[in-house]
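For reference, the structure discussed in these notes is given below.
The values are calculated or read from the model by the stated rules, or taken from the named source; none is laboratory data. These figures come from a predicted structure and were not determined experimentally. Please note: Cβ atoms are built from the backbone with ideal geometry, for glycine as well, and neighbour counts cover all protein chains shown. For accessibility, only protein heavy atoms count, side chains too; no ligands or nucleic acids. Shrake-Rupley method; radii C 1.70, N 1.55, O 1.52, S 1.80 Å.
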There are 2 protein chains.
Amino acid sequence: MTEERSTYQRLQTELADLIQKAPKGSKLPSEPLLAEQMGVSRATLREAMRTFESQGMLKRQQGVGTFVVGPTQVIDSGLEVLESIETLAERIGLEVTMGHFEFTHLQASARQSNKLVIALGDPVIEVRRVIMMHDSPVAYLVDVLPEHVLDPETLATRFTGSVLDLLITIGDPPLSTSKTEISAIHAPVEVAKALNIQRGDTLLLLRALLFNESGDPVDYSHSYFLPGYFRLHIIRKIGGVTT
Amino acid sequence: MTEERSTYQRLQTELADLIQKAPKGSKLPSEPLLAEQMGVSRATLREAMRTFESQGMLKRQQGVGTFVVGPTQVIDSGLEVLESIETLAERIGLEVTMGHFEFTHLQASARQSNKLVIALGDPVIEVRRVIMMHDSPVAYLVDVLPEHVLDPETLATRFTGSVLDLLITIGDPPLSTSKTEISAIHAPVEVAKALNIQRGDTLLLLRALLFNESGDPVDYSHSYFLPGYFRLHIIRKIGGVTT
DNA sequence: CATTGGGGATTTGTCAGACATTTGAACGTA
DNA sequence: TACGTTCAAATGTCTGACAAATCCCCAATG
């Protein structure tokens, strides 16, 4: 029953140890040297390193070397209350900035019109932006709103980085709740591009539908978070005991 | 500004397409053949495939071939109410079974005693088990409880697969709430072993501290979920506008 | 002296080919 | 039929090589 571990598996364990022990930002030995130390070929070593790179634990640069990307400060937030990353960051004294930002004019797709309870093809605004922390992209946010909720002029003149904060300020009727769905997904191509990661890397995804006090949906958003930078928590109540 | 994409990046995109389009469970062409089709060497192809394998999208077997692991049915649960996976699964008509199960007798570590508000070294019981769905491991659960909450005899005789359900049944005083922390992490070695994945693969982690009606913590648990099998949602309320 | 422009060394990126190991199926034999 | 052998196919690993990017030192130049 002593299952033999393959060279690759053994190597991956050793690599994980090495990476965890290595100081953040430090440079790893060169591939030929490391392969010799680990007792494997360079090809096998590279296969193993790819997985760590795809998980954002390693950065490689041709002609330079391979570097350990250390764990960084995490954004810790309670999920019961809906607040923007910007507001949260300010509250806990964390510095975040907005990276790439764009908004486009669209006609509601089938999914969007369904979620927002509007007619197919109704005008909507799509807002996309990247959240940066310490000059690294950590989140990618996409909001879709009916145009009657947020017109382009208001967006252009009063947007400060957070759609949610803007909606809270100008919302009429005011906002009340959101239904948020939490999952882990593999990065779609456009998100991977924006966050400068590999397509297929794993992300924490919060899909939220935002309602005003009349119960009308006003915003359908996707928030893609880089794992490791965020810790979300929630108070849960014991449910009905069906047994 | 037209950034050149490396062979590897192009290959990964093509592979992602191929995998998404391929029927679930289908067999991929052999590595030499696929490498020729993609116009890359076998070594490069293998590097790219490793990342998909480490994310559970591919299964490879020496002497047999490489297979696409299709997206499977997801477990969809609201987070406001705390209920066991078993109860949830039963409610929505999903078949889950218990894989490996073990419990051990320990003395509380610093972290555990801190979380459970007991003395360092106090006797605790640690319960570990694997949740299976369609014969695949999908979650790994670890519960730590003070022995005065759950004694070994009760555990041995009345455990049906869920510590939470057991605590709800025998809890005295009854359970009330839990504080749950949601994050995405890279699989520690013992979890990777239990779930039959690679160390370092990304997992959804729910860390929960369970309280009874007296406000005493009675259970400190870690739930490791395989991404893709779970979708969790929550209703959030608009917070105070600090501005 | 400050700046620029070459080498050259180092490192990662990619490739070609080879052999080892595992598996499954076909085949032959008792 | 049942069982063991053989063999082809597929992944696992290794070796060696060259290409491309980067960095650093140093000489030439103003």
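What's the total number of residues in the stretch B:133-148 that are in a strand (DSSP E or B), modelled with pLDDT under 90 and over 16 Å from B:Ile75 (Cα atoms)?
Going residue by residue through the stretch B:133-148, those that are in a strand (DSSP E or B) are B:133, B:136-146.
From what's left, modelled with pLDDT under 90: B:133, B:136-138.
Next, from what is left, pick out any that are over 16 Å from B:Ile75 (Cα atoms): none.
Total satisfying the criteria: 0.
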Would you mind telling me which numbered condition in (1) under 15 Å from B:Ser221 (Cβ atoms); (2) outside any strand (DSSP E or B) B:Val130 fails?
(2)
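Results for (1) under 19 Å from B:Gly56 (Cα atoms); (2) in contact (Cβ under 8 Å) with a residue 60 or more places away in the chain, shown as yes or no for each residue.
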{"residue": "A:Tyr8", "(1), (2)": "yes, no"}
{"residue": "A:Glu14", "(1), (2)": "no, no"}
{"residue": "A:Ser30", "(1), (2)": "no, no"}
{"residue": "A:Glu36", "(1), (2)": "no, no"}
{"residue": "A:Val40", "(1), (2)": "no, no"}
{"residue": "A:Gly56", "(1), (2)": "yes, yes"}
{"residue": "A:Gln61", "(1), (2)": "no, no"}
Conditions: (1) within 17 Å of the chain's Cα centre (by Cα); (2) more than 30 Å from B:Val149 (Cα to Cα); (3) assigned to a strand (DSSP E or B). B:Lys59 meets all but one. Number of the miss?
(1)
Whether any residue in the stretch A:106-122 is under 14 Å from A:Tyr220 (Cβ atoms), in contact with a His (Cβ under 7 Å, 6 or more places away or on another chain) and touching a residue at least 24 places away in the same chain (Cβ under 8 Å) is what I want to check.
no
For the stretch B:27-48, does any single residue satisfy the condition of being modelled with pLDDT under 85, more than 21 Å from B:Val130 (Cα to Cα) and assigned to a helix (DSSP H, G or I)?
no
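Take the conditions away from DNA strand D (no atom under 16 Å from the Cβ), more than 21 Å from the chain's Cα centre (by Cα), under 27 Å from B:His186 (Cβ atoms) and charged (D, E, K, R) and apply them to B:Asp17. Does it pass? Walk me through it before giving the result.
Working: away from DNA strand D (no atom under 16 Å from the Cβ): yes; more than 21 Å from the chain's Cα centre (by Cα): yes; under 27 Å from B:His186 (Cβ atoms): yes; charged (D, E, K, R): yes.
Against the criterion (away from DNA strand D (no atom under 16 Å from the Cβ), more than 21 Å from the chain's Cα centre (by Cα), under 27 Å from B:His186 (Cβ atoms) and charged (D, E, K, R)), B:Asp17 qualifies.
If you check B:Glu90, B:Glu80, which single one turns out to be more than 20 Å from B:Gly228 (Cα to Cα), at pLDDT below 80 and open to solvent by 20 Å² or more (accessible area, probe 1.4 Å)?
Numbers: B:Glu90 fails: more than 20 Å from B:Gly228 (Cα to Cα).
Checking each option against the conditions leaves just B:Glu80.
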How many residues does the stretch A:186-217 hold that are part of a strand (DSSP E or B) and farther than 23 Å from A:Asp76 by Cα?
3
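Can you tell me which residue within the stretch B:149-181, out of those that are assigned to a strand (DSSP E or B) and open to solvent by 10 Å² or more (accessible area, probe 1.4 Å), is nearest to A:Asp76 (Cα to Cα)?
Kept after step one, since they are assigned to a strand (DSSP E or B), are these residues of the stretch B:149-181: B:175-181.
If we keep only those that are open to solvent by 10 Å² or more (accessible area, probe 1.4 Å) as well, we get B:175-177, B:179, B:181.
Working: B:Leu175: 26, B:Ser176: 24, B:Thr177: 20, B:Lys179: 14, B:Glu181: 9 Å.
Restricting to residues being assigned to a strand (DSSP E or B) and open to solvent by 10 Å² or more (accessible area, probe 1.4 Å), the top hit is B:Glu181.
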Boolean, A:Val142 is under 21 Å from A:Asn196 (Cα atoms), in contact (Cβ under 8 Å) with a residue 40 or more places away in the chain and in contact with a His (Cβ under 8 Å, 6 or more places away or on another chain):
yes
For the list (1) open to solvent by 40 Å² or more (accessible area, probe 1.4 Å); (2) within 14 Å of the chain's Cα centre (by Cα), I need the number of the one condition that A:Ile75 fails.
(1)
Somewhere in the stretch B:34-45, is a residue more than 14 Å from DNA strand D (Cβ to nearest atom) and of a type in the set (Val, Ile, Thr)?
no
Residue check for A:Glu213: within 26 Å of A:Glu147 (Cα to Cα) and more than 9 Å from chain B (Cβ to nearest Cβ):
yes
Output the residue which, of all residues in the stretch A:201-230 that are surrounded by fewer than 18 Cβ atoms within 10 Å (Cβ to Cβ) and at pLDDT below 80, is farthest from the chain's Cα centre (by Cα).
A:Ser214
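Filter the stretch B:1-16 down to residues that are among the acidic types (Asp, Glu) and modelled with pLDDT under 80 and give me whichever is nearest to DNA strand C (Cβ to nearest atom).
If we filter the stretch B:1-16 for residues that are among the acidic types (Asp, Glu), which is where we start, we get B:3-4, B:14.
Restricting the remaining residues to those that are modelled with pLDDT under 80 gives B:3-4.
Working: B:Glu3: 14, B:Glu4: 10 Å.
The qualifying residue nearest to DNA strand C (Cβ to nearest atom) is B:Glu4.
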Mind counting the residues in the stretch A:1-26 that are within 26 Å of B:Asn196 (Cα to Cα), assigned to a loop (DSSP other than H, G, I, E, B) and open to solvent by less than 80 Å² (accessible area, probe 1.4 Å)?
1
Just need a number here: residues in the stretch B:93-145 that are of a type in the set (D, E, K, R) and surrounded by 15 or more Cβ atoms within 10 Å (Cβ to Cβ).
6
Leading residue by the ranking (farthest from A:Tyr8 (Cα to Cα)) among those in the stretch A:39-68 that are open to solvent by less than 40 Å² (accessible area, probe 1.4 Å) and more than 10 Å from every other protein chain (Cβ to nearest Cβ)
A:Gly65
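For the stretch B:185-200, name all the residues that are open to solvent by less than 10 Å² (accessible area, probe 1.4 Å), in contact (Cβ under 8 Å) with a residue 12 or more places away in the chain and closer than 24 Å to B:Thr97 by Cα.
B:Ala187, B:Val191, B:Leu195
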